[in-house]
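Take a look at the structure below.
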Amino acid sequence: MQQFAALLRKDNQPVRYLVVDDSVFARKNIIKMIEMFGGEVAGEAGDGLTAIAEFNRTKPDIVLMDITMPQMEGIEAVERIVRQHGDARIVMVSSVGYQENILAALQKGAKHFVQKPVKPEVLYEILRYVLSDDPNATGAPVAFAGEHRA
Amino acid sequence: MRMELIQPFINAADAVFAESLQAPTKILDLSMDENTYRRKGVAALIAIKGDIEGRVILDLSPEVAMKVASHLAGSKVPESDQVVRETVCELANMVIGNSVTLLNDQGFRFKVFPPEIHMNEEGLAGSADTESMVIAIETPCGQAYLNISMHYLRRRRNERNAASVMD
């Protein structure tokens, strides 16, 4: 199994993630990676509406958001979360990665996009990048650059 | 059936299994099927409607699905129908999502419907006017099957128009 240097907040606490996907299976897979990165799961949601409620309740550092979900899709949830919390950091995680979807998500305020199946090393680099812009995050991701190994 | 419509699904299935299981996979067999599809295990059927239309079935035995689920979870997962369903569904979503991305970027527009899971013993009907292609994929967890029936809607419209002129 790959090993990764922990991604930490500035206060040296684990980065807290909200994982949003209608598939329990997909959430488990993402959570396994979060644990590999030394993170902590602040909450889980299976649709966009629950994601908004969970965001307000848990105030996570990062949201990992699926696109195609029942009740409210991920892109609409991004728009609503970012409207209320301009500093929200949301990374889209979807198997559907065509240009229109990616652009729509970025225009609504998502910070990045990763296509399923998610490779841990790809997600790790994206999280490092997104956290590097986070005032709550440490410089640790930069300091640890190149340290993860297979 | 046009190979350019089938190839993205084969490539996507190969890539999804190889990347999910972090091991090489192999296409074992490709064959044409004109009959109602008889599933081999738990099947996820996803319908596509738009510029191209048809359906894709991903079919895994429960044992293979459990092995895949355990591999992805990093430890042995207790066996249950729900885990099997979830696994097959998510794999099908990833295969379709990746292939749809390729086709969409080529300019095709269509709607993808949520997967229907079939676990009972009945056959799965194919399209009345098209044959399907069955692909067997060897993975480290066992064999998976992809059954694809896909055609251009534009072509069907032309054929219908031509038929109505002849009537």
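The values are calculated or read from the model by the stated rules, or taken from the named source; none is laboratory data. All values reported here derive from a predicted model rather than from experimental measurement. Cβ coordinates were reconstructed from backbone atoms using ideal geometry, including for glycine residues, and neighbour counts include every protein chain displayed.
Residues in region B:84-108 that are surrounded by fewer than 21 Cβ atoms within 10 Å (Cβ to Cβ), within 8 Å of another protein chain (Cβ to nearest Cβ) and hydrophobic (A, V, I, L, M, F, W, C): none.
If you go through region B:30-47 and keep only what is within 27 Å of residue B:105 (Cβ to Cβ) and under 11 Å from the mean Cα position of the chain (by Cα), you end up with B:44, B:45, B:46, B:47. Annotation note: Cβ proximity below 9 Å between a residue of region A:1-17 that is closer than 14 Å to residue A:32 by Cβ and a residue that is among the β-branched types (Val, Ile, Thr) (sequence gap 6+ or interchain) occurs for A:17/A:30; A:17/A:31; A:17/A:34; A:17/A:41; A:17/A:62; A:17/A:63.
Within region A:118-131, being closer than 24 Å to residue A:25 by Cβ and either touching a Gly at 6+ places or on another chain (Cβ under 8 Å) or in contact (Cβ under 8 Å) with a residue 12 or more places away in the chain (or both) holds for A:118, A:120, A:121, A:123, A:124, A:126, A:127.
Residue A:25 satisfies every condition listed in (1) among the aromatic types (Phe, Trp, Tyr); (2) more than 10 Å from every other protein chain (Cβ to nearest Cβ); (3) touching a Ser or Thr at 6+ places or on another chain (Cβ under 9 Å); (4) part of a helix (DSSP H, G or I) except (2).
Which residues, taken from region A:80-122, are among the charged types (D, E, K, R) and buried (at least 20 other Cβ atoms within 10 Å of the Cβ)? Of everything in region A:80-122, those that are among the charged types (D, E, K, R) and buried (at least 20 other Cβ atoms within 10 Å of the Cβ) turn out to be A:89, A:111, A:116. Once region A:106-126 is narrowed to residues that are part of a helix (DSSP H, G or I) and within 14 Å of chain B (Cβ to nearest Cβ), the residue that is farthest from the chain's Cα centre (by Cα) is A:121.
In this entry, residue B:4 is excluded by the filter for residues that are surrounded by 20 or more Cβ atoms within 10 Å (Cβ to Cβ), of a type in the set (Asp, Glu) and within 17 Å of the chain's Cα centre (by Cα).
To keep it simple, each residue is scored yes or no on (1) assigned to a strand (DSSP E or B); (2) modelled with pLDDT of 90 or more; (3) over 12 Å from the mean Cα position of the chain (by Cα).
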position: B:135; (1), (2), (3): yes, yes, no
position: B:138; (1), (2), (3): yes, yes, yes
position: B:143; (1), (2), (3): yes, yes, yes
position: B:156; (1), (2), (3): no, no, yes
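Quickly run through region B:95-115 and pick out the residues that are modelled with pLDDT of 90 or more and closer than 20 Å to residue B:39 by Cα. Those that are modelled with pLDDT of 90 or more and closer than 20 Å to residue B:39 by Cα: B:95, B:96. Annotation: of all residues in region A:4-54 being over 14 Å from the mean Cα position of the chain (by Cα) and basic (Lys, Arg), the one that is farthest from residue A:131 (Cα to Cα) is A:10.
Taking the criterion of being touching a residue at least 24 places away in the same chain (Cβ under 8 Å) and within 9 Å of chain A (Cβ to nearest Cβ), the only residue of region B:53-83 that qualifies is B:72.
If you go through region A:69-86 and pick out every residue that is in a loop (DSSP other than H, G, I, E, B) and either in contact (Cβ under 8 Å) with a residue 24 or more places away in the chain or of a type in the set (A, V, I, L, M, F, W, C) (or both), you end up with 6.
Does residue A:31 satisfy being within 13 Å of chain B (Cβ to nearest Cβ), surrounded by fewer than 21 Cβ atoms within 10 Å (Cβ to Cβ), without any contact (Cβ under 8 Å) to a residue 40 or more places away in the chain and out of contact with any Ser or Thr (no Cβ under 9 Å at 6 or more places or on another chain)? Yes, satisfied. The condition of being more than 12 Å from residue B:119 (Cβ to Cβ) and in contact with an Asp or Glu (Cβ under 8 Å, 6 or more places away or on another chain) holds for only one of B:66, B:94, that being B:66.
In the condition set (1) away from chain A (no Cβ under 14 Å); (2) within 26 Å of residue B:108 (Cα to Cα); (3) modelled with pLDDT of 90 or more, residue B:24 is compliant with all but (2).
Return yes or no: is residue A:134 assigned to a loop (DSSP other than H, G, I, E, B), surrounded by fewer than 22 Cβ atoms within 10 Å (Cβ to Cβ), at pLDDT 90 or above and more than 14 Å from chain B (Cβ to nearest Cβ)? No.
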